[in-house]
1. So LEU393 passes all but one of these: (1) under 20 Å from GLU251 (Cβ atoms); (2) touching a Lys or Arg at 6+ places or on another chain (Cβ under 8 Å). Which condition number does it fail?
2. Among the residues of region 212-232, how many are open to solvent by less than 10 Å² (accessible area, probe 1.4 Å) and of a type outside the set (A, V, I, L, M, F, W, C)?
3. Check THR416 against each of (1) under 19 Å from the mean Cα position of the chain (by Cα); (2) open to solvent by less than 10 Å² (accessible area, probe 1.4 Å) and name the one condition it does not meet.
4. Going through region 233-247 one residue at a time, which ones are open to solvent by 10 Å² or more (accessible area, probe 1.4 Å) and of a type in the set (A, V, I, L, M)?
5. Return yes when SER239 is of a type in the set (Ser, Thr, Tyr) and touching a His at 6+ places or on another chain (Cβ under 9 Å) and no when it is not.
6. Of everything in region 346-363, what is assigned to a helix (DSSP H, G or I), in contact (Cβ under 8 Å) with a residue 40 or more places away in the chain and farther than 13 Å from VAL105 by Cβ? Give them in sequence order.
7. Applying the selection to region 72-114, what residues are polar (S, T, N, Q), in a helix (DSSP H, G or I) and over 26 Å from GLU303 (Cβ atoms)?
8. Evaluate the following for ASP364: is it among the acidic types (Asp, Glu), over 29 Å from LEU421 (Cβ atoms), touching a helix residue (DSSP H, G or I) at 6+ places or on another chain (Cβ under 9 Å) and buried (at least 18 other Cβ atoms within 10 Å of the Cβ)?
Amino acid sequence: MAGVGSTLVRISVAGIAILFFVGYKNYRDLSAPGKRPDLDTEAYWGPGDKALYKENKAILPFDISVDPAIITDLKGQLSRPLKLQEPLEGVGFQYGFNSKELRNVVKYWRDTYLNKWSEREEYLKKFEHFQTEIQGLKMHFIHAKPTKTTGKKVLPLLLMHGWPGTVREFYDFIPLLTTPNDKSDYVFEVIAPSLPGYGWSQGSSKTGLGVAQVSVIMRNLMLRLGFQKYVIQGGDWGSLIGSNLASLFPENVLAYHSNMCSNNSPMGSIQLILASIFPSYFLDSQHAHFYKGAGDLFAHILEEMGYAHIQATKPDTVGSALVDNPVGLAAYIIEKFSTWTNPAFRNLEDGGLTKRFTYDQLLDNIMIYYVTNSITTSMRLYSESMNKSQLGLNVDSVPIQAKAGCAHFLHELAHTSDKQLANKFPNLIHTTHYTDGGHFPAFELPETLYADFTAFIKKAALV
């Protein structure tokens, strides 16, 4: 019996050793830096045959003026009787856009906003707009240069928005970046493009234009403009496109700053699960309330991420429902500026929309989608980025070597701790937490985002 017992002990020890070895090997494999995929930096995304395409490399001023006939037609559409279902009693925005508030928005849009459209249009023209062709697509961008540079260090900045935003989010943020002040040694030359398929930028005619491929377009745009090295700032898709660019082309990126840092590598995903089970190991107790546990995270996904699923699977279906449907378009988009700004706003009948934004701001953003007919093409980015071929590139496992900074605004959709970010951002030098703000800080709290961004740039000591 003793011999049998010792044999069982040896087998058990051997089994544990094998499990340890396999687990360690898998951990090493998962945490090992990924290899940069070999992407075609000249891939053609325009219509028809690439062989028949000759790229116009000219950088041309772009007029964003809207045909008055479109405004007249829009006012006519908004004048039709609204056949909205009354909300349930005692309900705010929990079921989506409250129809009582939607009536207020539509009335303001029709009777006030459109009557001063010429004023709003001039406001949207306050920056210089340009267009150039990149890989078969007519790309729109704002180019804002510093007002003065004397005694200041000038850095080029690639500033990128996400969905359901546009470059309109940056109209209060850009002047802070380009105007010198006593609080920062830096001013910035800002390039703020409309993402492909968003606003005035042409959408792809080919399948496969995901975040990695968009990052190539953004790099080519910056090279076209003469910028070999630059800083990146972005949230939402802008954050993911920026992180892809920084991973794929480290030679071009001076620094990376985001208000929505994430780590979607295999190791990052495992750590996300572990952090929800063992939060004390991953999270600073001072900021633990920023990070959702497993239960809250699952509930949050069910409540707020349904749009992403349909846009990742059937973007053209929902797009067709919103095209030439201004009321539906406004409801679908503006609702995000309620619950994504502060989840508590869903309990309010008006969604808290004007607590942080004005109707003019929100409708400026809607108008860009409407007059450019870009809602469908904007949503296709979800389908092209959330699929096997895009995930198979494994860009998320390629570390970002540039110095990085992450700003956490309390009501952001999700937060990722420094420990979870470590294998993606080995040079994370700046992390901050703000007890206010949500998903759109450049739009909502531009001064706070500016202060955070310039504090990061100072730490990065860029010259």
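The values are calculated or read from the model by the stated rules, or taken from the named source; none is laboratory data. Nothing here was measured: the structure is a model prediction, and the numbers come from that model. Here the Cβ positions follow ideal geometry from the backbone for every residue, glycine too, while neighbour counts run over all protein chains shown. The protein model used for the area step is the full one, side chains on, heavy atoms only, and it has no ligands, DNA or RNA in it. Shrake-Rupley method; radii C 1.70, N 1.55, O 1.52, S 1.80 Å.
1. (2)
2. The total comes to 2.
3. It is condition (2) that THR416 fails.
4. LEU240
5. Spelling it out, it is not the case that SER239 is of a type in the set (Ser, Thr, Tyr) and touching a His at 6+ places or on another chain (Cβ under 9 Å).
6. ARG346, ASN347, ARG356
7. Residues satisfying the conditions are THR72, GLN77, THR112.
8. Here the answer is yes, as ASP364 does meet what is asked.
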